[in-house]
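The block underneath contains the structure these notes are about, expressed in structure tokens.
The values are calculated or read from the model by the stated rules, or taken from the named source; none is laboratory data. Predicted, not measured: the structure shown is a model, and the values here were computed from it. Ideal geometry is used to build each Cβ from the backbone, glycine not excepted, and the neighbour counts take in all protein chains shown.
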Amino acid sequence: MTLLSFSGFIGRFHPVFVHLPIGILLLGILLHWLSRGQKYANLKPAVSIILILGAVSAILSCISGWMLAEGTEYNEATLDQHRWMGIAVAIVSIIYYLFYIGKFTIKFSSAVPYIVSLVLFVLITITGHLGGTLTHGEGYLTQELTEISSTQEVKKVIPDVQQAVAYNDIIQPMLQHKCYSCHSSSKQKGKLRLDEKDFIEKGGEDGKVLIAEKSDESELYKRLILEASDKKHMPPKGKPQLTEAEIALMHWWINTGASFDQQVKDLPQDVKIIPLLTALQSNSTAVASKPDIPDAPVAKAPDDIINKLKEAGATVVTVSKESNYLSVNFLSSKKTSDAEMKLLEGIAPQLVWLKAGGTSITDNGLASIAKLTTLTRLSVDYTQITDKGIAQLQSLSKLQYLNIVGTEITTQGIITLKGLPELQQLYFYQSKISNADSAILRQAFPKVILDTGGYVLPLLEGDTSEVKQKPD
Amino acid sequence: MTQKELHDQRLFSEANHEILKHVTRRHFLRDTMTGLGAMAFGSMLAGCDMFGSKDKIAANAFDSANPLAVKPPLFPGKAKAVIYLHMAGAPSQLELFDYKPDLQKLDGQDCPQSLLEGKRFAFIRGVPKMLGPYAHFEQRGQSGAWISDHLPHLITVADEISFLKAVQTDQFNHAPAQLLMHTGSARLGRPSIGAWASYGLGTENSNLPAFVVLTSGGKNPDAGKSVWGSGFLPSVYQGVQCRSEGDPVLFINNPEGIDKNLRKASIDAINKVNQKAYEEFKDPEILSRISQYEMAYKMQMSVPEAMDIRDEPDYIHEMYGTQPGKESFANNALLARKLIEKGVRYVQLFDWGWDSHGTGADVALEIGFINKCRSVDRATTALLLDLKQRGLLDDTLVVWGGEFGRTPMQENREGKKQFYKGRDHHAEAFTIWMAGGGIKRGASYGETDPIGYSPVSGKVTPYDIQATILNQLGFDHEKFTYQFQGRPFRLTDVEGRVINEIVA
């Protein structure tokens, strides 16, 4: 028992040892080749000692690796390959050394060490890569290259989910993101391809994967809901998994007949699936889809300006503990005027959220606010601002949320902001923007949630009456 | 640290826990054979504190001079403020949101023994009869949420709301269940969510308290003031309860013959004495008291403006259905909106009278319950819409729910048949909804069995709801702690999972 755990302990040194043969042997090969030339001939005596050191370290790596492999749960096929390749490295490195020092002499013996060195180089590269695959997971090396291409694909926006084709617009994108990497033109694990209707219907080496209307017999669904630890679970451990909603959509699609051409509206929909389908629609997910704080870090805001603002009654706080981006509001101080807005210019690079509602600011204050180009959220509700001032805010290219509730702003005024690229939410309840202009506004701000407010609840009988006795 | 990183970190530690469950003592002994020496060595070094083992996550330090100063959260929160609408007494999910047509078919039949075995109920004894839903249900809005006719206004805003349909608690009596819901423990002594929020974030408006409590329904919640208490946190973080009838705060005006300056001078004098006492005894509660006096002075200015709903225009009163001067949920809902607008962090509403046992007309599903629904439906809907039109719903989280649910069986108190329809306390499954503050619009999570007895999927607990509220405010419920009695305490103790299924 002691031995067992001791060996496990030694095994843990494998990740340290393995780098020695890689470095030493590659150095040996390099010096061996370099020292052919006149210029580096003086390196020759070093080569043999480097090679023997490399061979010894390779043997040590093999021993520690063998011990590490006991009782671990690496991918067995890769582990086996790595194991025997590693042993091959050790053996070839010994042979290389023996040839180099001239212990063996055969025909063309002067060329042999060079050939062996090339073989060894290839072996080390493959073994190293397999080792990396074991520790970091498959595809680690090329992840950055492949990730870029997959994240660049913008998620398809469905304007009206009922009009969408269930397979093309919902199921296929899901398969593409989560399954194609192993089951499409480039790779066909289990001899299965999922990138075209015919391939999906044909199935893989174990037969059909899709049985229409029977999700509990379709591997395409069954595999998704297996325990994540199950060997047969798909996508395999470590790969991006399907979300619960995606699994439910797959279940729905299969049970409604796995149609490849029908529109959503023609398929039966039950209570559970409707919200999931609606959630795919562009207008329901538009809110808060973008972070309202820049990714790039920013320097700390100058303390003297923050202190001045605090003295003026502002609440100044960073948006989170580790961020230097600031949120400022003037809720505690009604006396706030344009002078305080001027102060804000000093923290323009940091200021992302500003609430100046209910203050005495005017269009001059907006001129200062227009310089706060990092702003993503701005409330200037219940202030004296006018159309002239609001036009200046065209410079706020990051602005996502704008609240001009209870101001004198008119439709002409707000239209000047139609070029704001990031704007998502616009609140103008009790402003001078007329409800009759809603078509113009819709056209000017096609992607923005426009809230006119003024909601009225009808007076229902129950609002004023009471139930007094039990109905018959 | 982003939310995503936190999430990954949590997943990782969860996975670690899973793995560790399979480690037996035998493994431990085997694996530590070589490690025992190292352990001994480590403990010899421990005295040197060479690894700087001081708690790095240590939460916001308590600044006793200015305990309510605004503080940043751990990560940028989607919600700045919370309005928690607690329907004290526990409304019936089976008459409001959890539509169970199958239960109707079983109406009047004996409850199967399998549902009763090993279960305890507050009042049901023997074999009760099943009770079909006494409400007409339809799917509402684009999201197709099931809401009954009892809430004719709320159905118009169904698409703003995310439903949690399979909430499960482990307390079937009001007081402990309310405590569990708001403090993370069924026993007394823990701080409430609002206290944690004001401790963590302070107040955005230095003239108003961070945590305000408003009650209606003629009675305080069964658990008393502890449901908005500060527990072991400094007492400055407890909820400030405002009067629900007449003026919200008494004695807000200076007495006759005393002007503002004299009042200020006397408060300064009292504070000086208190400061001396603090220097002598170093009790941080004295500092809390000093800041309370200062707050009281500031509130004399701010309260008349923030807390008086009478100056709201008529159409707003009409929208909420308020009756100024009287005690009503509608008044409190309007006041909640005003307070949130002014920068109050956490507004807690309790509305008592939802305990529909069917033992009398006022607690009968056919009478009292419907009247309770009418008394909150219009105001709740108005609150959501009013926050929305002012651009406040975006960063204000609204939570609605009771402390537990109600049984699919008709109550039979003392084994007798009751004249009115009524349901007993049911801890196993009920509905809570959330809206705004970075919660998905029109989502629904969790599902109960065909009679609404227990969750079949998407079960969540009060801890999960607390974790989600903290998450929306920008806190990781596992890292947000307070050092007390030698260990860091959390709102969610050792439980809780952020319900990401409803987070936008």
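Only one of the numbered conditions (1) within 8 Å of chain A (Cβ to nearest Cβ); (2) surrounded by fewer than 22 Cβ atoms within 10 Å (Cβ to Cβ); (3) charged (D, E, K, R) is violated by B:Asp449, and that is (1). Within region B:161-175, being surrounded by 20 or more Cβ atoms within 10 Å (Cβ to Cβ) and not in a loop (DSSP other than H, G, I, E, B) holds for B:Ile161, B:Ser162, B:Phe163, B:Leu164, B:Lys165, B:Ala166, B:Val167, B:His174.
Checked against (1) touching a strand residue (DSSP E or B) at 6+ places or on another chain (Cβ under 8 Å); (2) more than 8 Å from chain B (Cβ to nearest Cβ); (3) crowded, with 17+ Cβ neighbours inside 10 Å, A:Ile449 meets all criteria but (3). Considering region B:138-183, and only residues there that are away from every other protein chain (no Cβ under 14 Å) and touching a Pro at 6+ places or on another chain (Cβ under 7 Å), the residue that is farthest from B:Asn371 (Cα to Cα) turns out to be B:Thr183. Residues of region A:229-257 that are away from chain B (no Cβ under 13 Å), assigned to a loop (DSSP other than H, G, I, E, B) and without any contact (Cβ under 8 Å) to a residue 60 or more places away in the chain: A:Asp230, A:Lys231, A:Lys232, A:His233, A:Met234, A:Pro235, A:Pro236, A:Gly257. Of the helices (runs of 4 or more DSSP H) entirely within region A:1-85, those holding at least 2 residues that are more than 14 Å from chain B (Cβ to nearest Cβ) occupy A:14-17, A:19-34, A:44-69. For region B:370-389, the count of residues that are within 13 Å of chain A (Cβ to nearest Cβ), assigned to a loop (DSSP other than H, G, I, E, B) and surrounded by fewer than 24 Cβ atoms within 10 Å (Cβ to Cβ) is zero. Please indicate, with yes or no, whether at least one residue in region B:323-343 is away from chain A (no Cβ under 13 Å) and free of Cβ contacts under 8 Å to residues at least 24 places away in the same chain. Yes - at least one qualifying residue is present in region B:323-343. Across region A:375-418, the number of residues qualifying as over 25 Å from A:Ile347 (Cβ atoms) and surrounded by fewer than 21 Cβ atoms within 10 Å (Cβ to Cβ) comes to 11. Within region B:354-369, being among the polar types (S, T, N, Q) and either facing another protein chain (nearest Cβ under 10 Å) or out of contact with any helix residue (DSSP H, G or I) (no Cβ under 8 Å at 6 or more places or on another chain) (or both) holds for one residue alone: B:Thr359.
In region A:361-371 there is no residue matching the filter, namely being out of contact with any helix residue (DSSP H, G or I) (no Cβ under 9 Å at 6 or more places or on another chain) and assigned to a loop (DSSP other than H, G, I, E, B).
Yes/no matrix, rows are residues, columns are (1) in contact with an Asp or Glu (Cβ under 8 Å, 6 or more places away or on another chain); (2) closer than 26 Å to B:Lys338 by Cα:
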site: A:Leu343; (1), (2): no, no
site: A:Ile347; (1), (2): no, no
site: A:Lys355; (1), (2): no, yes
site: A:Tyr382; (1), (2): no, yes
site: A:Lys388; (1), (2): yes, no
site: A:Ser397; (1), (2): yes, no
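Yes/no per residue for (1) touching a strand residue (DSSP E or B) at 6+ places or on another chain (Cβ under 7 Å); (2) within 14 Å of chain A (Cβ to nearest Cβ); (3) under 21 Å from B:His477 (Cβ atoms):
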position: B:Ala186; (1), (2), (3): no, no, yes
position: B:Ser192; (1), (2), (3): no, no, yes
position: B:Trp196; (1), (2), (3): no, no, yes
position: B:Gly200; (1), (2), (3): no, yes, yes
position: B:Glu204; (1), (2), (3): yes, yes, no
position: B:Asn207; (1), (2), (3): no, yes, no
position: B:Ala210; (1), (2), (3): yes, yes, yes
position: B:Val213; (1), (2), (3): yes, no, no
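Candidates are the residues of region A:376-396 that are part of a loop (DSSP other than H, G, I, E, B) and closer than 15 Å to A:Thr411 by Cα; the one that is nearest to the other protein chains (Cβ to nearest Cβ) is A:Ile385.
Here is a yes/no grid of residues against (1) crowded, with 21+ Cβ neighbours inside 10 Å; (2) in the same structural domain as A:Leu31 (by TED's automatic domain parsing); (3) more than 15 Å from A:Leu20 (Cβ to Cβ); (4) at pLDDT below 85:
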{"site": "A:Ala55", "(1), (2), (3), (4)": "yes, yes, no, no"}
{"site": "A:Ser61", "(1), (2), (3), (4)": "yes, yes, no, no"}
{"site": "A:Gln81", "(1), (2), (3), (4)": "no, yes, yes, no"}
{"site": "A:Trp84", "(1), (2), (3), (4)": "no, yes, yes, no"}
{"site": "A:Ile87", "(1), (2), (3), (4)": "no, yes, yes, no"}
{"site": "A:Ser93", "(1), (2), (3), (4)": "yes, yes, no, no"}
{"site": "A:Lys103", "(1), (2), (3), (4)": "no, yes, yes, yes"}
{"site": "A:Ser109", "(1), (2), (3), (4)": "no, yes, yes, yes"}
{"site": "A:Val116", "(1), (2), (3), (4)": "no, yes, yes, no"}
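When region B:469-483 is filtered for residues that are part of a helix (DSSP H, G or I) and not hydrophobic (A, V, I, L, M, F, W, C), the ones remaining, listed by number, are B:Asn471, B:Gln472.
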